[in-house]
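Following: one structure in structure tokens, then a few remarks.
The values are calculated or read from the model by the stated rules, or taken from the named source; none is laboratory data. This is a predicted model, so every value here is computed, not measured. Glycine gets a Cβ as well: all are built from the backbone with ideal geometry, and neighbour counts include every protein chain shown. The accessibility values were calculated without ligands, DNA or RNA, using every heavy atom of the protein model including side chains. Shrake-Rupley method; radii C 1.70, N 1.55, O 1.52, S 1.80 Å.
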Amino acid sequence: MTAVAIPGLDSAPTSHSRVLSWVREVAELTNPDRVVWVDGSDEEAARINAELVEAGTFVPLKSKPNSYWAASDPDDVARVEERTYICSQNESDAGPTNNWMHPDEMKATMQELYRGCMRGRTMYVIPFCMGPLGDDNPKLGIEITDFAYVVASMRVMTRMGSKALEKFVTADGTEREFVPALHSVGAPLEPGQADVPWPCNETKYITHFPEERMIWSYGSGYGGNSLLGKKCYSLRIASVMARDEGWLAEHMLILKLISPEDKVYYMAAAFPSACGKTNLAMLQPTIPGWRVETLGDDIAWMRFGKDGRLYAVNPEYGFFGVAPGTNWHTNPNAMRTIDQGNSVFTNVALTDDGDVWWEGMEGKPEHATSWKKQDWTPDSDEPAAHPNSRYCTPMSQCPILAPEWDDPQGVPISAILFGGRRATTVPLVNEARDWQHGVFMGATMSSEKTAAAAGKVGEVRRDPMAMLPFMGYHVGDYLNHWVEVGKNAADNKLPKIFYVNWFRRGDDKRFLWPGFGENSRVLKWVVERIEGKANATETPVGLVPTADDLDIDGIKEPREDVDAALEVNVDEWRQEIPLIEEWFAKIGDKVPSTMRDELESLKQRLG
Ligand code: GDP
Ligand code: PGA
Ligand code: MN
Ligand code: MN
């Protein structure tokens, strides 16, 4: 058989044999009109953005330099967990919380979908690196996509193009491993057929082959489904690598807290999607003398250093933040980051003067174009921005970026915070007695579902370590990995673990705790606990401060609200027990025995 001639296919800027063979294989399967090897240059970005404007996918903003508004297909607005698969050889390795299909069967199904799926389109080949390029062992990938929007977004979210491709072959000529990540919107164009601004397909698959370290995504352009370096690689595939190699790949922000005495503490925090990671990562403390710097807002890779401490690196290069609720009061540092431009806004509203707006932002316009591309006024019944609308913006523009953000060594973590969105039961902050108890808190944490995933919003579900949609293997094995990581470390070097809840509500549904910058008061208490300086009360669920133990000087909320936010209500917690038991029953035999012991002792303490 003679090789198919596809323009661009043979102009590969690399000699890496597996890159060449895989790209050719995909091109022959998907049959694009041309192949573009993405180099990441400014000229290339300008060309791709102009093409996206031409196609109607992007509308350039007048108010921010090099920034664009995009509106998705109304049915392609969030991660699709029902369509997300972990295709391990054995179903028992995917576990009860993941969708599973045998890899052979999934490949046969998807190969038929991919066959000819890029007809009439350009196939982009994006070399990328998750984590600092200076790492001795860089985590590489190639994303193939037929959507220029993905190229523009990957440029913000990852270290990509030539600078990543250079890492594929070492100085002595060794070809490095990489994760092949294939994406198609699944919308081939027949000759003469006009394109739409946001091509996608009703049929969607977000598929992971953990043993092969490979990703296949089809049918969706939404970030979480299409920017394959993010959730698919850095969480689902990386969690499997981490299990095999003894480290942790987690859904966590990384922040640096600096005390008035200039003492530095690094913290990582796992909250489910749309539960406050980006906001906490960029926090502007309300308490005098304390400062926060940002290292990451969504993903942390954590490994033990030579000194026995746990070091965290953020594999990403940009922020993919929830727009609604972001404003100059709640998150001024995010506002400053996006104001510098170079950003993509998806499913927010477009104002008549060429700026973006969303619910919760200052300066509500009299008229705008909604995310559905309809006229919108303050009297409209529907929101102007989709609840899961996003800004995609370079980390390097963040005014409080920590100088060590690109250090391959990472930063030593002193505290891990777990948290969710719970209107009742879970106190504002609660310290674990030890690592194992902290793992139990993470294993049993729960949260109300948000608009970040398709489905019913508000329903409480268990979301272990905020990883429910992101674990690349069996949840029981995952929890066991956390237990083992603790056993293998020197006890006094492990981070302390805390469980937080910014979202507890009063009878009238108001939030009891002001949140945002005021969360610095909780971080201060965390640090004082690490230093052995602050008081805590022993409760059945953990070590909880009273309002007196927290610095609440100058807080606007009445003291009763703070008391209520901190309350451990034994009756409410007794009602959690059957839910935790049901959760453990779902996990099955693989629930670590230590976690069952923790549940038993919790039951005893609750009486
Ligand atoms: P992420 O998806 O975990 O990064 O969450 P974000 O930080 O983007 O926040 C998601 C939503 O929760 C936004 O609408 C925020 O305004 C809101 N939010 C974040 N932090 C707080 C908080 O401390 N209190 C309250 N009430 N809302 C918050
Ligand atoms: P989030 O990230 O955690 O900032 O919402 C995107 C997602 O999880 O879908
Ligand atoms: Mn996330
Ligand atoms: Mn976020």
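A few remarks follow.
- Selection from the range 109-136 of residues that are assigned to a helix (DSSP H, G or I) and either open to solvent by 10 Å² or more (accessible area, probe 1.4 Å) or on the phi > 0 side of the Ramachandran plot (or both): T109, Q111, E112, L113
- Screening A281, A274 for residues that are modelled with pLDDT under 95 and either farther than 23 Å from N388 by Cα or within 13 Å of ligand 1 (Cβ to nearest atom) (or both) leaves exactly one candidate, A274.
- Single residue of the range 289-307 satisfying the filter (among the hydrophobic types (A, V, I, L, M, F, W, C) and under 14 Å from P412 (Cα atoms)) that is farthest from ligand 1 (Cβ to nearest atom): F304
- The one condition in (1) in contact (Cβ under 8 Å) with a residue 60 or more places away in the chain; (2) under 17 Å from P464 (Cβ atoms); (3) more than 16 Å from ligand 4 (Cβ to nearest atom); (4) open to solvent by less than 10 Å² (accessible area, probe 1.4 Å) that E250 fails to fulfil: (3)
- For the range 1-41, a residue qualifies if it is at pLDDT 95 or above and in contact with an Asp or Glu (Cβ under 6 Å, 6 or more places away or on another chain), and exactly one does: H16.
- Looking across the range 217-231, just one residue is of a type in the set (A, V, I, L, M, F, W, C) and within 13 Å of ligand 3 (Cβ to nearest atom), and that is L227.
- Restricting attention to the range 168-200, the residues that are buried (at least 20 other Cβ atoms within 10 Å of the Cβ) and in a loop (DSSP other than H, G, I, E, B) add up to 8.
Every residue, every condition in (1) buried (at least 20 other Cβ atoms within 10 Å of the Cβ); (2) in contact (Cβ under 8 Å) with a residue 60 or more places away in the chain; (3) in the same structural domain as V526 (by the TED database), yes or no:
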{"residue": "P412", "(1), (2), (3)": "no, yes, yes"}
{"residue": "V426", "(1), (2), (3)": "yes, yes, yes"}
{"residue": "V429", "(1), (2), (3)": "yes, yes, yes"}
{"residue": "M441", "(1), (2), (3)": "yes, yes, yes"}
{"residue": "M445", "(1), (2), (3)": "yes, no, yes"}
{"residue": "E459", "(1), (2), (3)": "no, no, yes"}
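- If the condition is being open to solvent by less than 70 Å² (accessible area, probe 1.4 Å) and among the hydroxyl-bearing types (S, T, Y), then the range 563-600 contributes only T594.
- When L283 is tested against (1) in contact (Cβ under 8 Å) with a residue 40 or more places away in the chain; (2) surrounded by fewer than 24 Cβ atoms within 10 Å (Cβ to Cβ); (3) more than 15 Å from ligand 3 (Cβ to nearest atom), exactly one condition is not met: (2).
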